[in-house]
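Enquirer: My questions will all concern the structure given below.
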Amino acid sequence: MKIAVAGTGYVGLVTGVALAHIGHKVTCVDIDENKIKKMQEGISPIYEEGLEELMHLDSKNLTYTTDYKNAYKNADVIFIGVGTPENKDGSANLTYLYAVLDQIAESVSKDTVVVIKSTVPIGTNDKVETYINDKVDFNIRIVSNPEFLAQGTAVHDTLYATRIVVGVNDDYAKKVMTKLYKPLTEEPYNVPFLVMDRRSAEMVKYASNDFLALKISYINEIANFCEAIGADISLVTKGMSFDPRIGNKFLNPGIGYGGSCFPKDTKALHFLSKELGCEIKTLKASIEINKNQKMVLINKLEKVIPDLTNKTISVLGLTFKPNTDDLREAPSIENIKYLLKQGVTIKAFDPIGINNFKRILSNDKTLHDYLDNITYYDNIDDTIKGSDACLIMTEWKDIKEYPLINYEKLMNSPIIFDGRNCYDLDNVKKYNIYYNSIGRHDIGEIKSLINN
């Protein structure tokens with residue numbers, strides 16, 4: 001089938017490449033000429049394991065262009081994978097979605113199926129179908145096809161998905177989508193294929209993401225409570241995980257969720273529920289918990305070192321999770337902004353997220369007087385050398401496997417606040433360091449290690 005994909009971010013590009021891999025002819029469309037040029041050269045504009053390899057492997061089935069008119073004109077199916085960021089009030093911003101719809105209406109030359117991969121509020125697909133069909137003389141059928149990929153494993157999550165959810169309101173769209181995804185429902189992929197009405201499909205996406213966000217928020221609250229009463233969250237979650245009704249996924253405590261989905265999806269569904277007069281109060285709590293949890297390391301740090309002026313703090317990990325260069329809603333951002341404004345000198349390490357992080361800070365006008373106080377490193381040794389404390393923000397493999405003895409040897413004061421519980425406590429006890437993690441016992445004597 002001839003496929004066009006609007007947007008070449010995590011959702012759009014991974015979707016397009018995966019569809020090319022199963023045999024479709026795919027044209028990926030973006031307004032950014034620099035991104036298109038990179039992709040034409042076989043370079044992925046995003047860091048995602050296995051993506052560039054598939055781009056090369058299936059290059060005969062892939063085209064990249066800014067010429068949306070030709071891309072949409074003769075396509076059998078058009079996927080929309082553009083961003084739907086949050087507005088200030090928490091609602092979803094659909095500006096990019098409607099911009100693509102206008103381009104499609106301007107370009108199509110026949111009846112076409114348009115598939116919404118972007119996460120949109122419940123009922124949006126119905127509104128979109130009316131909107132675009134009022135602009136064209138052809139029959140445009142709108143399909144809801146939410147994505148369930150996770151950054152860092154997006155290629156695998158698309159080809160070997162836990163399920164494909166398709167929301168349709170007519171038999172023709174159902175037949176087209178069944179044919180399109182048939183290769184993924186067979187060997188070697190065997191992905192379950194679920195067909196339902198559009199509003200239910202839209203709701204599956206929000207209900208799934210927001211349930212996981214609630215689970216993270218819950219376990220973070222339990223971890224904080226464990227610290228207060230002297231229990232060990234790692235033992236608590238191990239005990240919980242044997243219950244098949246609970247399982248062991250998303251029970252790792254930390255400094256909050258980030259990324260492109262959980263933060264905005266919780267806010268969007270909470271906003272919509274309030275508008276409809278049936279507020280989902282658990283989501284309201286999750287949003288508040290996550291906001292507070294992102295700063296928990298700073299709160300701990302200031303109890304140990306009340307005056308941070310002229311202190312040197314190392315930050316290990318900038319991205320919101322390992323194996324991605326995505327910094328959307330990453331806890332590191334607000335933490336580092338806060339520390340810079342307290343007169344702290346920052347030394348930061350991340351394997352792949354540094355360039356994106358620099359762009360974020362440089363775009364914040366309130367930080368222009370502080371940017372000289374942050375230095376970036378490509379190795380952990382140089383990052384922690386001479387530091388008064390260290391904050392671990394992301395559980396990169398480099399960090400998890402880093403020799404603990406080096407903290408003792410290289411830091412001015414070997415004081416570590418670990419927001420991702422990277423190290424085994426029994427192993428930490430072997431070294432002369434102060435180690436504070438999430439929901440577990442502190443290790444070491446802080447007073448003897450502080451160098452004033």
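The values are calculated or read from the model by the stated rules, or taken from the named source; none is laboratory data. It should be emphasised that the depicted structure is a prediction, and the values quoted were computed from it without experimental measurement. Glycine gets a Cβ as well: all are built from the backbone with ideal geometry, and neighbour counts include every protein chain shown.
Enquirer: Under the condition of being among the β-branched types (Val, Ile, Thr) and under 19 Å from the mean Cα position of the chain (by Cα), which residue from region 170-218 is surrounded by the most Cβ atoms within 10 Å (Cβ to Cβ)?
Expert: By that ranking, first place goes to Ile216.
Enquirer: Kindly state which helices (runs of 4 or more DSSP H) lie completely within region 25-90 and contain at least 3 residues that are under 24 Å from the mean Cα position of the chain (by Cα) and surrounded by 16 or more Cβ atoms within 10 Å (Cβ to Cβ). Walk me through it before giving the result.
Expert: Working: elements: 33-40, 51-57, 68-73.
By residue number, 33-40, 51-57.
Enquirer: Taking Val5 and the conditions (1) part of a loop (DSSP other than H, G, I, E, B); (2) aliphatic (A, V, I, L, M); (3) farther than 17 Å from Ser260 by Cα; (4) within 21 Å of the chain's Cα centre (by Cα), which numbered condition does it fall short on, given that it satisfies the others?
Expert: (1)
Enquirer: Which one is surrounded by the most Cβ atoms within 10 Å (Cβ to Cβ) among residues in region 341-385 that are within 19 Å of Arg420 (Cβ to Cβ) and of a type in the set (A, V, I, L, M)?
Expert: Filtering first and then ranking leaves Ile384.
Enquirer: If I ask for residues that are among the small types (Gly, Ala, Ser) and within 27 Å of Lys264 (Cβ to Cβ), which ones from region 59-91 would you list? Even if it seems obvious, please write down each step before you answer.
Expert: Step one: list which residues in region 59-91 are among the small types (Gly, Ala, Ser), which gives 59, 71, 75, 81, 83, 90-91.
Selection gives Gly81, Gly83, Gly90, Ser91.
Enquirer: Need at least 2 residues that are assigned by TED's automatic domain parsing to the domain that holds Asn379 and closer than 21 Å to Asp350 by Cα per element, so show me which helices (runs of 4 or more DSSP H) inside region 395-452 make the cut, counting only ones lying wholly within it.
Expert: 397-400, 405-410
Enquirer: So Val108 fits all but one of (1) in contact with a helix residue (DSSP H, G or I) (Cβ under 9 Å, 6 or more places away or on another chain); (2) modelled with pLDDT under 95; what number is the exception?
Expert: Exception for Val108: condition (2).
Enquirer: On to the next question. Taking the residues in region 417-447 that are of a type in the set (Val, Ile, Thr) and touching a Leu at 6+ places or on another chain (Cβ under 8 Å) as candidates, determine which candidate is farthest from Thr237 (Cα to Cα).
Expert: First, pick out the residues of region 417-447 that are of a type in the set (Val, Ile, Thr): 428, 433, 438, 443, 446.
Narrowing the set further to residues that are touching a Leu at 6+ places or on another chain (Cβ under 8 Å) leaves 428, 433, 443.
Numbers: Val428: 20, Ile433: 26, Ile443: 20 Å.
The extreme case among them is Ile433.
Enquirer: Give the residues of region 336-394 that are among the small types (Gly, Ala, Ser) and either assigned to a helix (DSSP H, G or I) or touching a strand residue (DSSP E or B) at 6+ places or on another chain (Cβ under 7 Å) (or both), sorted by residue number.
Expert: Ala348, Ser362, Gly386, Ser387, Ala389
Enquirer: Further, regarding this structure: Determine whether Ser234 is over 19 Å from the mean Cα position of the chain (by Cα), modelled with pLDDT of 95 or more and under 17 Å from Phe148 (Cβ atoms).
Expert: No; evaluated as a whole, the condition is false for this residue.
Enquirer: Okay, moving on. Could you list all residues from region 303-335 that are in a helix (DSSP H, G or I) and farther than 15 Å from Ser413 by Cβ?
Expert: Selection gives Pro331, Ser332, Ile333, Glu334, Asn335.
Yes/no matrix, rows are residues, columns are (1) farther than 16 Å from Tyr206 by Cα; (2) more than 30 Å from the chain's Cα centre (by Cα):
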| residue | (1), (2) |
| --- | --- |
| Lys117 | no, no |
| Lys127 | yes, no |
| Thr130 | yes, yes |
| Asn133 | yes, yes |
| Phe138 | yes, yes |
| Val143 | yes, no |
| Thr153 | yes, no |
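Enquirer: Determine whether region 256-265 contains at least one residue that is in a helix (DSSP H, G or I) and modelled with pLDDT of 95 or more.
Expert: no
Enquirer: Quick check on my filter: what residues within region 386-398 are surrounded by fewer than 23 Cβ atoms within 10 Å (Cβ to Cβ) and touching a Leu at 6+ places or on another chain (Cβ under 8 Å)?
Expert: Listed by number, the list holds a single entry, Gly386.
Enquirer: Taking the criterion of being in a loop (DSSP other than H, G, I, E, B), over 14 Å from Ile438 (Cα atoms) and charged (D, E, K, R), would at least one residue in region 224-236 satisfy it?
Expert: no
Enquirer: Looking at Ser118, is it in contact with a Gly (Cβ under 8 Å, 6 or more places away or on another chain) and either modelled with pLDDT under 95 or more than 30 Å from Asp58 (Cβ to Cβ) (or both)?
Expert: Values: in contact with a Gly (Cβ under 8 Å, 6 or more places away or on another chain): yes; either modelled with pLDDT under 95 or more than 30 Å from Asp58 (Cβ to Cβ) (or both): yes.
Against the criterion (in contact with a Gly (Cβ under 8 Å, 6 or more places away or on another chain) and either modelled with pLDDT under 95 or more than 30 Å from Asp58 (Cβ to Cβ) (or both)), Ser118 qualifies.
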